[in-house]
Each structure stands twice: as C-alpha cells, then as structure tokens.
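The structure under discussion appears below in the form of structure tokens.
Readers should treat all values here as calculations from the given coordinates under stated rules, not as data from a laboratory. What you see is a predicted model, and the numbers here were worked out from it, not measured in a lab. Every residue, glycine among them, receives a Cβ derived from its backbone with ideal geometry; neighbour counts consider all protein chains shown.
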Amino acid sequence: GCTYCLGAVLLSALACQVSAVRSSDAIGGARTLAASQRFANTIEAVSSEVSNIAERVASVSGFEALVEAMRVTRPQTETSQRARELQDWLHDNAPQFELLDAVTSKHSGDPQPLGWGAWGIIFLARERVASTTDDKSGERLVALKTGKGKTGENKLSQECKKIASVFQAINAGVGRATAILGARHVVRCVADYSNAAMPFIAMEFAGQMGAEVVAAGATHPEVLLGYVKQVAMALAAFDQAIPPQIHYDLKWQNTAVSNRCLKLIDLDSSLPGTYQESVGNGQNDYTDDFAPPEKEIVGHKFACGGIGPAQGDIRCPWAYAWDMYSLGAMAIPFLCGLQEHTTALMIMQFGEELALQMVSMFKTNAGLSSWEIAEVILAAGSAIVELKKHTLQDFIMMHDTPEAAASRQQWPARLVAAFDAKFRFCKEMPVTIVQLLDRMMSRRPDVRPRPSEVLRSLSNVSTGCAWDGV
C-alpha cells in the first residue's frame with residue numbers, strides 16, 4: 001500500500017545518503033584519530049562494519065522490503081477484523097477464553113495483539129480453568145495464536161504437535177534433572193483448536209518478548225549472562241533428549257521473559273537431531289543472521305557429524321551445534337559494548353538525523369515498543385554480521401588502548417557510559433568464558449561447546465529466575 005511506497009522512497013533516499021557518507025575522506029579522517037599503528041589497522045574493519053549497517057538498511061528496498069514489510073508490519077485493519085472474528089467465535093464455542101488488550105491486559109472491543117508475523121497474529125487472553133482437586137476454578141493468561149493464509153494455518157496445525165514431540169523427547173532423555181530444569185524454559189501448548197472453524201492454538205503466556213527485555217535499559221552483562229544460561233538450560237535438555245531436538249530459529253525474538261524467567265517460544269521450525277532429519281525434504285524456517293555457516297550445505301538442513309544412512313535415526317553428534325551458534329549470535333553483541341560501538345559508528349558516520357531515520361523506520365517495520373529498543377536491536381544485528389569476521393577476543397584487544405578510549409570521547413555520552421560499564425565487565429571476565437563465547441560462533445560445528453559445557457562455565461552466574469534456584 002501507500003505506506004510501503006513511502007517507505008521504499010525513504011529507503012532509497014537513505015541508501016543514496018549512505019553512499020555519500022562512505023567516502024574516502026571519511027575513512028581518511030577516521031584514520032587520523034589513531035595515533036598508533038595497531039589502532040590504525042582496525043579502521044578498515046570499522047569502515048566495513050559501518051558499510052554493513054548501511055547495507056542492512058538499504059537492502060530492505062525492493063523485493064526484500066516487500067517481504068519484510070508483509071512479515072512484520074502490523075496490518076491494523078486485519079488485526080482488528082481477526083480480533084472481532086475470534087471474539088465472536090470464542091463467545092459461542094470456547095467461552096473459557098476472553099481476549100484482552102495486550103497493552104492494558106483488560107477486556108477491549110478492539111484488543112491490541114501481542115505480536116504478528118508473516119503467518120499469524122497472536123492475542124493475549126484470559127482462560128478460566130477448573131481445579132483438578134476441588135470444584136473451584138481459577139484463571140491464567142494465555143497467548144492465542146492464529147494463522148494467516150494456507151501456509152500460516154498449516155504451520156499452526158503442526159506447532160502443538162511439534163511442542164508435544166519436543167517434551168516427549170525431553171522426558172525420554174538420559175538426564176532427568178537436566179530434563180526437569182530445561183523443560184521449565186520451553187513454552188507449552190495448552191489447547192489446540194487448529195482444526196476448528198476459527199483455527200487457533202493456546203500457548204502459555206510467557207511474558208514480554210526477550211528482544212525487548214535484553215535491549216531495554218542497557219541490560220547489564222551479568223543479567224544478560226543469566227538469560228544466556230537459561231537458554232543453555234533448555235538446550236541442555238534438547239541435547240540429552242531422545243532423539244535430540246533443535247529449535248532451529250533461536251533468537252531473542254523467539255524467547256519471552258517474565259520476572260527474570262525466560263522461555264523459548266515459536267517452536268514451529270523445531271526438528272529432531274537425527275540423520276534422517278538432517279537430509280530430509282521440507283523447509284524449516286530460520287533467521288539468516290543467527291544461522292550457522294552449515295546452512296549453505298546443499299541437501300542438508302544441519303551438520304549431523306559423521307552418521308550415515310545405515311544408522312537410520314541414531315542421534316547426530318552435532319545436533320546441538322546449530323542452536324549453539326545461534327546462542328552465541330544472541331549473546332555476544334550485547335556483551336562488552338559491541339552494540340554501543342556499532343550504534344556510535346552509525347551516528348558518527350551518518351549523523352544524528354539520518355541515524356534517527358534509520359532507527360525510526362526499523363521501529364515501525366519491526367513493531368517495536370520504543371525508539372531506544374529499536375536502536376539497540378538494529379545495531380546488535382549489524383554487530384552479528386561483523387562477528388562472522390572477527391572474534392570477541394579481537395574486539396576486546398582492539399578497544400583496550402588509550403587511543404581507542406580517546407576516540408570514544410567523540411561518541412554520545414549515553415553510549416560512552418554504557419560501553420565503559422560493559423567493557424570493564426568483560427575485561428574482568430575469565431578469559432575461558434570469552435573463549436567459550438567465541439567458540440559458540442565457530443565456523444566448525446565440532447568446535448562449538450555443548451550446552452553442558454556452557455552451564456559449567458556459567459555455574460557462578462545467577463539466572464535471577466526463581467525456578468532455577470541458582
């Protein structure tokens with residue numbers, strides 16, 4: 001529609017301005033800031049990182065922009081119509097559910113959705129549940145997920161079945177304590193109405209989208225590591241399951257947090273970590289930035305690790321490695337100041353006004369709640385691209401110089417303060433943890449740590465979640 005046309009025009013204008021900013025004069029001027037040869041040698045990498053930001057924004061034009069806009073931009077008329085249809089159907093057929101407004105958590109004639117995507121719209125609801133021990137009833141919050149189009153409804157019809165398979169595999173796993181602890185960090189399907197005239201499924205309401213939680217208020221790295229540890233708990237249960245399980249689209253947007261307790265959500269792409277699945281037909285969705293290099297292997301969904309057809313459904317030794325790479329891509333940009341560094345580069349190279357246009361456009365298209373959160377997530381995404389070329393150890397070494405500290409004084413004060421706090425934390429962090437984080441994003445699946453190793457390394461980190469007792 002007209003909104004997309006205006007967005008495409010603005011994106012084209014931004015791309016032109018970005019090209020003008022990326023001049024040899026800008027790079028040369030940046031070089032003069034570095035007194036030492038060691039720091040000067042990093043300027044080309046910095047220039048490349050700035051280019052990545054520009055390309056990520058500029059690449060939204062054309063066909064990709066249309067697809068992305070269809071995927072994440074909230075269609076107001078469609079969500080309102082879907083809410084009315086769902087309310088009417090629930091009233092007549094499933095009165096235990098009552099739609100609520102996602103913002104106010106109260107009844108509304110036109111409830112705002114919890115989220116939306118290419119294949120569905122999710123609403124907050126209150127469910128009345130009967131007690132299993134007496135005649136009393138209670139209430140709980142749930143997320144009602146509806147499908148959009150034939151593909152959306154097909155995916156919807158499979159999601160509860162996939163979640164049930166995940167929990168069945170976890171319960172059959174070799175480590176009972178690991179299974180119990182990890183299962184708490186995976187969302188459950190509580191009702192499946194995917195075959196009804198008004199198809200939907202009811203999921204546990206797990207809280208606020210994890211991406212917004214980790215981005216809001218410049219989350220302290222120790223708190224972030226607590227969330228990383230909770231994801232690792234879920235992945236440890238996946239790893240010990242029979243057969244092992246792979247989320248396959250792990251990212252902060254596919255987690256939810258309530259009272260510091262995190263759950264993995266959106267398991268519609270999950271699959272067993274078996275040889276048969278690794279070479280099977282069919283398409284499982286993943287997000288490119290968070291997917292490991294083996295996504296490029298033709299004829300394989302993931303790297304299995306030496307198991308051949310003769311072994312049939314035997315577990316793949318590297319089944320854990322796909323999600324482990326994703327966890328590294330989730331964690332590292334928010335540690336040590338990488339996100340603040342990328343944000344500062346964007347502002348310094350493009351100027352406050354152009355940077356604000358980029359962030360505002362991203363906020364609108366991604367349906368995020370604030371400009372601050374949009375800025376953080378946009379910059380973190382660009383940092384992931386750069387991490388595929390440089391390690392976290394390289395980043396720490398590069399920025400632990402007097403020249404680097406002096407250059408940071410040109411940044412906005414808010415970014416300097418946040419960077420310094422995170423950078424100090426990382427410099428004091430055991431080098432073994434830094435090395436572990438770098439291994440998570442290794443190009444080699446066999447080098448990536450198993451979830452159990454991550455948990456051992458983070459044994460002294462508190463998750464802040466009452467379920468864990470740690």
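With θ taken as phi - 60° and the coefficients 6.51, -1.76 and 1.60, list the Karplus ³J(HN,Hα) couplings across segment 149-164 in order, rounded to whole Hz; mark glycine and proline as x.
Each residue's phi maps through the Karplus curve to give x, 5, 4, x, 6, 5, 5, 4, 5, 9, 5, 5, 5, 5, 5, 4 Hz.
Place a point 7 Å from Cα of SER157 in the direction of its Cβ. Which residues in segment 182-202 have their backbone N less than 17 Å from it?
Counting only backbone N, you get 192-202.
Treating cross-link reach as a plain straight distance, find the lysines whose alpha-carbon is under 22 Å from the alpha-carbon of LYS162, omitting any fewer than eight places away in the same chain.
In chain and number order, the partners are LYS145, LYS148, LYS150, LYS251, LYS263, LYS295, LYS301.
So what's segment 285-390 giving for Cα Rg divided by 2.2 N^0.38 Å, two decimals?
1.39
Specify the inter-centroid distance of segment 420-435 and segment 169-241, based on alpha-carbon positions, in whole Å.
27 Å
Mind checking the full-extension length gain between ASN171 and HIS390? Use 0.36 nm per residue of separation minus the Cα-Cα distance, one decimal, nm.
Result for the pair: 74.9 nm of gain on full extension.
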